[in-house]
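Chemist: Structure incoming, see below.
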Amino acid sequence: MSLATVQPLATHAEDALHPYQVVGDAIPASLTGKPGDPARGRAIVANRQNTCLLCHSGPFPEERHQGNLSPSLQGAGARWTAAELRLRMVDASRLNPATIMPSYYQVEGLTRVAGAWRGKPILSAEQIEDVVSYLSTLRD
Amino acid sequence: MKAARGTQRLALGVLLAALATLCSAAEIPLSERRSGYADLGRETKAMQDDDTANPGMLSVLEGEELWKTKSGTEVKACADCHGDARASMKGVAARYPAFDASRGRPVNLEQRINICQAERQQAKPSAYESKELLALTAFVAMQSRGEPIAPPDDARLTPFREAGRQLFFRRQGQLNLGCNQCHDDNWSKRLAGNLIPQAHPTGYPIYRLEWQSIGSLQRRLRNCMTGLRAQPYEFGAPENVDMELYLMWRARGLPVETPAVRP
């Protein structure tokens with residue numbers, strides 16, 4: 001792998017965020033250093049509070065209301081590697097500045113965040129790893 | 001090899017992103033602008049269309065009483081100066097917010113009514129979202145029902161409308177989204193179960209089934225900001241009025257529907 005594809009190490013001053021390294025269009029290493037739990041990941045995605053199903057649909061027959069602004073999560077694990085999914089969760093705007101996909105692991109560069117959410121990423125590192133491991137199982 | 005492919009894909013991604021930015025910068029062409037009414041279910045449409053079934057009419061009727069009620073140390077009613085609202089208030093809501101010279105900035109219809117109460121009637125101004133202010137506003141706005149939204153051609157409003165436009169396009173909140181990303185770029189799609197409207201303020205104050213009450217445009221704007229996990233602006237804040245000004249300009253030509261009914 002050539003050095004040219006290695007992006008500078010993302011720097012995050014906040015103690016809450018684990019540092020991560022972007023390589024090409026992916027984050028190869030787990031944010032927590034451990035693999036996530038796919039069952040917990042499924043529950044996180046299906047919980048509307050976590051906002052995924054506002055825009056995406058997916059294989060959740062029990063959820064009546066799913067969005068159609070964004071591609072279905074069905075087959076996400078076949079389209080992307082875990083490392084690619086991780087960057088798309090952490091900071092999709094790095095790949096497409098105009099995307100409506102929020103950066104789920106970012107606390108800087110935001111405007112007028114309401115008090116309850118200030119200084120917190122949308123999902124924690126553990127939650128992102130759980131979701132990445134779940135999405136990786138969606139292979140067809 | 002994998003790395004080279006990654007770089008190529010990244011370059012393609014950046015190119016696509018640039019194109020997407022160009023495309024999404026477009027506002028909805030005037031010919032495609034439509035009221036949220038167009039997408040209502042049959043029952044909700046029927047509720048809005050029938051004054052005896054429209055729950056917003058209760059507020060309008062209360063407003064009609066207030067219009068005729070003497071108040072303040074001047075012991076004057078709105079009707080004492082303005083006469084029959086059906087004539088004097090026709091078209092007024094269609095051109096608000098309007099520039100207020102003494103304040104040096106635009107005021108919305110609620111603020112105009114409050115200014116009148118304080119200065120002409122020498123009465124205590126009504127609180128934002130109070131039953132009384134919503135009622136008077138609904139009564140006044142209904143006199144413009146069917147009139148096309150017609151923002152005044154007043155150069156003094158331009159910087160405020162532009163400020164509202166900037167707010168509309170500004171990403172905000174923990175979800176980091178601009179109003180335009182849903183209401184210009186993705187209207188007609190579904191956010192979970194809800195159809196995304198173009199967000200034209202054609203029928204305020206509206207009776208919203210989710211609220212089980214009538215409410216102002218600023219209440220609706222604050223709801224949307226809460227959804228983005230952003231700190232809403234206070235009722236009456238200049239930012240909210242600027243946004244109203246931009247939204248009314250964006251909706252120019254669409255007919256006023258007050259009191260509209262929405263899900």
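Chemist: Can you tell me which residue is nearest to the chain's Cα centre (by Cα) among those in the range A:42-94 that are of a type in the set (Asp, Glu) and assigned to a loop (DSSP other than H, G, I, E, B)?
Modeler: Within the range A:42-94, the match that is nearest to the chain's Cα centre (by Cα) is A:63.
Chemist: Considering only residues that are more than 9 Å from every other protein chain (Cβ to nearest Cβ) and either touching a Ser or Thr at 6+ places or on another chain (Cβ under 6 Å) or crowded, with 17+ Cβ neighbours inside 10 Å (or both), which ones fall in the range A:107-125?
Modeler: Answer for the range A:107-125, where residues must be more than 9 Å from every other protein chain (Cβ to nearest Cβ) and either touching a Ser or Thr at 6+ places or on another chain (Cβ under 6 Å) or crowded, with 17+ Cβ neighbours inside 10 Å (or both): A:123, A:124, A:125.
Chemist: Could you tell me whether residue B:10 is surrounded by 16 or more Cβ atoms within 10 Å (Cβ to Cβ), at pLDDT below 95, within 14 Å of another protein chain (Cβ to nearest Cβ) and not in a loop (DSSP other than H, G, I, E, B)?
Modeler: Spelling it out, residue B:10 is indeed surrounded by 16 or more Cβ atoms within 10 Å (Cβ to Cβ), at pLDDT below 95, within 14 Å of another protein chain (Cβ to nearest Cβ) and not in a loop (DSSP other than H, G, I, E, B).
Chemist: Could I ask something else about it? Take residue B:163 and tell me if it is of a type outside the set (Ser, Thr, Tyr), within 15 Å of the chain's Cα centre (by Cα) and more than 14 Å from chain A (Cβ to nearest Cβ).
Modeler: no
Chemist: With the range B:38-132 as the region, which helices (runs of 4 or more DSSP H) entirely inside it contain at least 2 residues that are polar (S, T, N, Q)?
Modeler: Here the list reads B:42-49, B:109-119.
Chemist: Looking at B:75, B:92, B:107 in this structure, which one is outside the structural domain of residue B:234 (by TED's automatic domain parsing) and loosely packed, with under 15 Cβ neighbours inside 10 Å?
Modeler: Of B:75, B:92, B:107, the one residue that is outside the structural domain of residue B:234 (by TED's automatic domain parsing) and loosely packed, with under 15 Cβ neighbours inside 10 Å is B:75.
Chemist: Another question, if that's okay. Among the residues of the range B:131-170 satisfying the criterion of being within 29 Å of residue B:79 (Cβ to Cβ) and among the small types (Gly, Ala, Ser), which is surrounded by the most Cβ atoms within 10 Å (Cβ to Cβ)?
Modeler: Here the residue is B:138.
Chemist: Looking at the range B:211-239, which of its residues are away from chain A (no Cβ under 14 Å) and acidic (Asp, Glu)?
Modeler: Within the range B:211-239, no residue meets the criteria.
Chemist: Under 22 Å from residue B:39 (Cβ atoms) and outside the structural domain of residue B:64 (by TED's automatic domain parsing): which single residue out of B:248, B:225 fits that description?
Modeler: Every option except B:248 fails the conditions.
Chemist: Here's a follow-up. Considering only residues that are of a type in the set (Lys, Arg) and in contact (Cβ under 8 Å) with a residue 12 or more places away in the chain, look in the range A:71-121 and name the one that is farthest from residue B:171 (Cα to Cα).
Modeler: A:86
The values are calculated or read from the model by the stated rules, or taken from the named source; none is laboratory data. What you see is a predicted model, and the numbers here were worked out from it, not measured in a lab. Neighbour counts run over all protein chains shown; Cβ positions are idealised from the backbone, glycine included.
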